[in-house]
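Encoded as structure tokens, the structure appears first; notes follow it.
The values are calculated or read from the model by the stated rules, or taken from the named source; none is laboratory data. Model, not experiment: these values are computed from the prediction. Note that each Cβ is placed from the backbone with ideal geometry, even for glycine, and that neighbours are counted across all protein chains shown. Please note that ligands, DNA and RNA were not included when accessible areas were found on the heavy atoms of the full protein model with its side chains. Shrake-Rupley method; radii C 1.70, N 1.55, O 1.52, S 1.80 Å.
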Amino acid sequence: MVTPRQLFQKHIARTSAMPLMLDIVSANGVWLTDRDGKRYIDLIAGIGVSNCGHGHPAVVRAVEAQSRTYMHLMVYGEFVETPQVMLAQALAGHLPAHLDHCYFVNSGAEAVEGALKAAKRHTGRHEIVAFNRAYHGSTHGALSLMGDAAYRNAFRPLLPGVRLIDFNDRTALEQITNRTACVVHEVIQAEAGVILPEDEFLPSLAARCRETGALLISDEIQTGGGRTGTLFAFEDFDMTPDILLLAKSLGGGMPLGAFISSGEIMQSLAHHPPLGHMTTFGGHPVSCAAALAALQVITARDLRGEMAHKEALFRRQLNHPAIQSVDGRGLMLAVAFESGDICRKVIRRCVDLGVVTDWFLFADHKLRIAPPLVITDEEITEGCQRINKAIEQAVA
Ligand SMILES: Cc1ncc(COP(=O)(O)O)c(C=O)c1O
């Protein structure tokens, strides 16, 4: 009999050089079970997606109920769809007053694209500033902002007028000028290996944007949703975006993204021409219903206390001497080794020992720890023991 693994090899187009090839048949909380019945602790949550844990009953109930009520009805923004408006209202309730208009899309990259267009129209400018070692998605616009020349060069020509500067370099902020339409940044640089902003960096960035009239676009596609101890990471860094980007965990496991801004900025996509941004499936009612349920699950928790406690548990128990540092905040952590080679071996041994993790796009010597936020203390201990053992075997 042909196995799903063989069909994967034969029919699934993929770009990964070394796919993990796990054949998962069920997922619950932080646990994944493969076709042979082997169980894995999921320490990456589908890359920052399953914050509520896999199969959270409230999210599953919302998906079931909404799929019975209606699924796709009409392209985005024509009908009043209750799940969309309820979600938009709930998000606005957790955000500063000016971030009260949501445009829902299907993914993070699409949120980036929509935000870039809104910034261009609102400012009448086209130059964009972004950061080295940033990842914002794989579509052409998002790729133009990607902080790695090798990826960009392979797909030129890309968007003109993009300037890439170093994260945490305050002197580079001078390159934001009155010709800059927008600055796109991550609050915490994820794929660079979880790099936190230094104390004054984000307030200085926001101040420079205000001074020059450039819009500040904060990509919280990976940080948003409670992972760093606040619902949105910017809350801890003395700044507010002009446009906020969400995706990944937003949909509670369903595909959903959003760019969120003021009515005035969003209005720039609605005239000359009208329909300045369109999507068929963006804000799918089932995704929005799942997202609302997930938001309620996450905001009912003591995010700050819980994420600090769980971070401390990981830091205390990841204690193998081959670990050079543990960077990050809350449940967005990066465990650094001496080389990418060691890290790859550790990841392989982790999978053998029943732990799913991976590396970072621009920091292949770091191992990713980004589990569902509902992970228990016992599961953290179990995960750390397995990782320490995997390191021991990898460096032996
Ligand atoms: C910070 C950040 N922005 C944008 C994206 C792109 O999101 P998507 O894969 O949904 O297009 C990602 C995906 O990893 C991301 O980590």
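Computed FRET efficiency, Cβ-Cβ of Lys389 and Thr171, R0 41 Å: what is it to the nearest 0.05?
With a Förster radius of 41 Å, E is 0.35.
Using a basic spin-label model with each label point 7 Å from the Cα along Cα→Cβ, how many nm lie between Asp36 and Thr376?
2.7
Please check which bits of the range 29-73 a label hung off Met1 would reach, taking the label as a point 7 Å along Cα-to-C-beta and the cut-off as backbone N under 18 Å.
Answer for this model: 34-38.
Heavy atoms only, probe 1.4 angstrom, no DNA, RNA or ligands counted: give me Thr15, Thr223 ranked by accessible area, highest first.
Result, largest first: Thr15, Thr223.
Note the full-extension length gain between Arg61 and His94 as 0.36 nm times their separation in residues minus their Cα-Cα distance, in nm to one decimal.
The Arg61-His94 span can extend by a further 9.5 nm.
Helix-derived [θ] at 222 nm for the chain: sum -39500 (n - 2.57) over DSSP H runs of at least 4, divide by residue count, nearest 500?
-11000 deg cm²/dmol
Once each part is reduced to its C-alpha centroid, what is the distance from the range 159-224 to the range 34-99 in angstrom?
Comparing the Cα centres of the range 159-224 and the range 34-99, I get a distance of 29 Å.
Given a 1.4 Å probe and every protein chain left where it sits, what share in percent of the accessible area of the chain is carbon and sulfur?
So the carbon and sulfur contribution to the accessible surface is 54 percent.
How do the peptides 331-338, 30-37, 105-112 rank, highest first, by the average count of neighbouring beta carbon atoms within 10 Å per residue?
105-112, 331-338, 30-37
Can you tell me the order of 267-280, 242-255 when each peptide is scored by its average per-residue count of other Cβ atoms within 10 angstrom, highest first?
With the highest mean Cβ count within 10 Å placed first, the list reads 242-255, 267-280.
Tally Lys/Arg at +1 and Asp/Glu at -1 over every other residue whose Cβ is under 11 Å from the Cβ of Ala134; what's the total?
-4
Could you state the angle between the C-alpha long axis of helix 340-352 and the longest principal axis of the C-alpha atoms of the chain, as a value from 0 to 90 degrees rounded to the nearest 10?
60
Might you tell me the accessible area per residue for the range 57-299, computed with a 1.4 Å probe and given in Å²?
Heavy-atom SASA per residue in the range 57-299 reads 41 Å².
Between Ser339 and Phe8, what is the label-to-label distance in nm when each label sits 7 Å out along the Cα-to-Cβ direction?
2.8
Given the Cα-Cα distance of Ala270 and Asn178 and 0.36 nm per residue of separation, how much length would full extension add, in nm?
Stretched out fully, the Ala270 to Asn178 stretch lengthens by 30.7 nm.
How much net charge surrounds His309 when only the other residues with a Cβ under 10 Å from the Cβ of His309 are counted, with Lys and Arg +1 and Asp and Glu -1?
-2
Run down the lysines and flag those whose C-alpha is under 25 Å from the C-alpha of Lys366, throwing out any fewer than 8 positions away in its chain.
Lys248, Lys310, Lys345, Lys389
Add +1 for every Lys or Arg and -1 for every Asp or Glu among the other residues with Cβ under 15 Å from the Cβ of Gly282, and state the total.
-3
Among the chymotrypsin sites (Phe, Trp or Tyr not before Pro) within the range 57-117, which fall in a DSSP loop and have no more than 13 other Cβ atoms within 10 Å of their own Cβ?
Those that pass, being in a loop and sparsely packed, are Tyr70, Phe79.
Could you work out how much longer the chain between Ala396 and His72 gets when fully extended? Use 0.36 nm per residue separation minus the Cα distance between them, nm to one decimal.
Full extension from Ala396 to His72 adds 111.2 nm.
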